[in-house]
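Just below is one structure, and these are the notes that go with it.
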Amino acid sequence: MIDLLTIFVLAVFVGFEVVSKVSTILHTPLMSGANAIHGVILVGAILITGSAESTLELVLGLLAVFLATVNVVGGFVVTDRMLEMFKR
Amino acid sequence: MTVQLMYLVASVCFILALKGLSSPKYARYGNFIGAFGMLVAVITAYVHGVVHNGLWILIAVALGVVVGIPAARSVKMTAIPQMVALFNGVGGAAAALVALAEFFAVPDTDFLFRLATVLTVLIGSVSFSGSVVTFLKLQELMTTRPVLLPAGQQLAIAAGVSSVALCALTTAVPNGFLLWLLAVVGLALGVLFVLPVGGADVPIAISLLNAFTGLAVAASGYVLANTLLIVAGTLVGASGTILTRLMAQAMGRSLTNILFGAFKATTVAVHGEEQRTVKSGTVEDVAILLGYANNVVVVPGYGLAVAQAQHAVRELVSQLERRGVSVAYGIHPVAGRMPGHMNVLLAEADVPYEQLKELDDVNPGITSVDVAVVVGANDVVNPGARDEPSSPIYGMPIFDVDRAKSVVFMKRSMRPGFAGVDNELLYNPKTTLLFGDAKDSLTKLLAAVKQL
C-alpha cells in the first residue's frame, strides 16, 4: 500500500512540474491530450472484464471497455488534429 | 515483471506526451508517443491479464473505435470544448464502472481498498453527469445561462452530504446496494454542480471535471493495485488542477466564486435607457485607419469563431502586412470556450503562432499601438475590469486597448458581452464602432484596404 502511495505522491510532483512548463498557446491540446491519457482506464476495464466471473461484472466491464476506448481514440485523434495545425 | 516494465514504458510515454506540449514544434510527436504508450499498455493488459471473455473485449474495443474516431474526425474546431467534455465524461463513467465491477468481483477487501473504490465510483459519476451537462450547455442544447433551480443550493448540499455519508457507510459496511445508491447520488451531484455555472465559466467546469476524472482513474489504480493507472490518473489530475487555477486567475476570480457565485446577471440594466453617444464608422473610414497605421493589434474573441471569421481576419492581416503594417494578435487566456481555444482556432486559419501574443506581451507597449481592433470580444477589453471596483468583472486582467491611440470595435449590436456588463470602451471618443457580422465586415474591410 505504501508503495502505491509513494508512486502517487511522486506522480503529483512530476505532473505539476511537467504541466506548468506547457506553453499557454497549447492549453487546449493539453486538456484534450490529458483527456486521452486518462483513457488509460481502458487497461483497468480490460483487466476487470478479462477476469469477470458473473454476468453483472461482464456487463459492467464491457461497458467500461467501450466507453474507455471512445475516450482513448477520440482523445488522441482530436489532439492530433489540433497539433497538426500548430506544426509549421 | 515484464508486465510492470511495460507499464513503466507506458508511464514514461505519457509524461513525454505532456512534456512535448512545451513547444508547438514537437507537440505532435509527443502526442504520437502518448498514443504509442497507450497501445503498449492496452496490449500488455490484454495479453497478460485476460483469462476469458477475450472476444467480448475485442468487440467492445472495436465498437469504441467505430464510435470514437469518426466523432473526433468530424468535430469542428469551434466545437472542440464540448467534444473534450464528452470524452472526459465517458472516461469518468468508465472509471466508475470499473470500480463497481471490481467491488462485485472482490467484495471483502480491506478498508483502504474499499475507500478507493467508493471514491472512484463517486468522482467518476460526478465527472460523467457533470460533463454531459457541460456538453449540453456548450452545444446549446440547453441554455448557456446559469440555471438556478428552486432550492437548487439546498438540493446540492443535500446531495453532497448524502454522498459523503454513503461513502463512509459503504467503506465501513461493504454493500452492493449502497454502492449503486452512491453512483446515483454522484450523478445527481454532478448535474446540480454544473447547472448553476454560467456561459463563460463553463470552461472552468470542464477543466475541473477533467481533473476529477484523472483523480477517479488514479483512485481506481489503487483498487486494482495498478501503478500505470495511478501515474496516468495523477498526471491528468495535476494538469486539470493547474489549468483550472490559471483560468480562474485569468478571470481575476476565485474558484469558489466561479462555481458557487453564479453571476445572476443583475448588472445588465445599470445604465438603463440612458442614451449615450457612440461613434460608428464606415468600412472605408476603418480601412484608411488601418491601411496607414504602423502598428496594429487584433484582439479576437469567441464572436469571431461564431461568425467563422478566423480566415477572414487572417486575410486582412496578411493584406495589412503587405502594406508594411506590423500586426500582432492579442490572445486573452479566456478567449474562446476553453483555455487556449482561440489559439487553436487561429492556428486552423494558418496564423503563425509567433504572432499570437499574450497580455504581458501586448500591454506594456500598448500606448504605441496605432489601432487596436477588437473582433467579437468584449469583456476582455472592458476597462471596467481595471477601474471600477463595483463591476462584476473587476479584477480580471484585460487588454488595455483604451490606452492605444485608437480603437476599432467590431460588433454585431450594442448588446453587452457574456458577463452582461456594459463596456465603457464603447463610449470612448477614441473608439470607432463598426456594426455588422464579423466575417462580413472583415471581408468588406479587406476589399477596402486593397483599394487604398
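Inside segment B:172-181, can you point out the residues that are modelled with pLDDT under 90 and either assigned to a helix (DSSP H, G or I) or surrounded by 13 or more Cβ atoms within 10 Å (Cβ to Cβ) (or both)? Lay out the reasoning, then the answer.
The first filter runs over segment B:172-181 and keeps only residues modelled with pLDDT under 90, leaving B:172-176.
Within segment B:172-181, B:Ala172, B:Pro174, B:Asn175, B:Gly176 meet the criteria.
Within the option set B:Gly330, B:Gly365, B:Gly340, being within 22 Å of A:Met82 (Cβ to Cβ), without any contact (Cβ under 8 Å) to a residue 12 or more places away in the chain and not assigned by the TED database to the domain that holds B:Arg253 holds for one residue only, B:Gly340. For the condition more than 7 Å from chain A (Cβ to nearest Cβ), closer than 21 Å to A:Asp80 by Cβ and of a type in the set (A, V, I, L, M), B:Leu86 qualifies.
For segment B:40-81, enumerate the residues that are among the β-branched types (Val, Ile, Thr), farther than 28 Å from B:Pro339 by Cα, under 33 Å from the mean Cα position of the chain (by Cα) and open to solvent by 20 Å² or more (accessible area, probe 1.4 Å). Answer for segment B:40-81, where residues must be among the β-branched types (Val, Ile, Thr), farther than 28 Å from B:Pro339 by Cα, under 33 Å from the mean Cα position of the chain (by Cα) and open to solvent by 20 Å² or more (accessible area, probe 1.4 Å): B:Val40, B:Val42, B:Ile43, B:Ile59, B:Val61, B:Val66. Of the residues making up segment A:41-59, not a single one is touching a residue at least 40 places away in the same chain (Cβ under 8 Å) and crowded, with 24+ Cβ neighbours inside 10 Å.
For segment B:2-11, the criterion of being facing chain A (nearest Cβ under 7 Å), at pLDDT 95 or above and more than 15 Å from A:Ala45 (Cβ to Cβ) is met by none of the residues. Going by the conditions given, is B:Ala41 more than 8 Å from every other protein chain (Cβ to nearest Cβ) and either touching a Pro at 6+ places or on another chain (Cβ under 6 Å) or in contact (Cβ under 8 Å) with a residue 60 or more places away in the chain (or both)? When the stated conditions are applied, B:Ala41 does not pass them.
For segment B:287-302, how many residues meet the condition of being within 33 Å of the chain's Cα centre (by Cα) and crowded, with 21+ Cβ neighbours inside 10 Å? The total comes to 8. I'd like to check something: does segment B:349-363 contain any residue that is more than 14 Å from every other protein chain (Cβ to nearest Cβ), over 20 Å from the mean Cα position of the chain (by Cα) and open to solvent by 10 Å² or more (accessible area, probe 1.4 Å)? Yes, segment B:349-363 has at least one match.
Which of the residues belonging to segment B:7-39 are of a type in the set (Lys, Arg), part of a helix (DSSP H, G or I) and open to solvent by 60 Å² or more (accessible area, probe 1.4 Å)?
Across segment B:7-39, the qualifying residue is only B:Lys19.
Take segment B:22-37 and flag every residue that is within 7 Å of chain A (Cβ to nearest Cβ) and in contact with a Gly (Cβ under 7 Å, 6 or more places away or on another chain). Matches in segment B:22-37: B:Ala27, B:Asn31, B:Gly34. Annotation: of all residues in segment B:227-246 being open to solvent by 10 Å² or more (accessible area, probe 1.4 Å) and not charged (D, E, K, R), the one that is farthest from B:Lys19 (Cα to Cα) is B:Thr227.
The values are calculated or read from the model by the stated rules, or taken from the named source; none is laboratory data. None of the values given here were measured: they were computed from a predicted structure. Counting neighbours? That spans all protein chains shown, and the Cβs are built from the backbone with ideal geometry, glycine included. The area values use the complete protein model at the heavy-atom level, side chains included, leaving out ligands, DNA and RNA. Shrake-Rupley method; radii C 1.70, N 1.55, O 1.52, S 1.80 Å.
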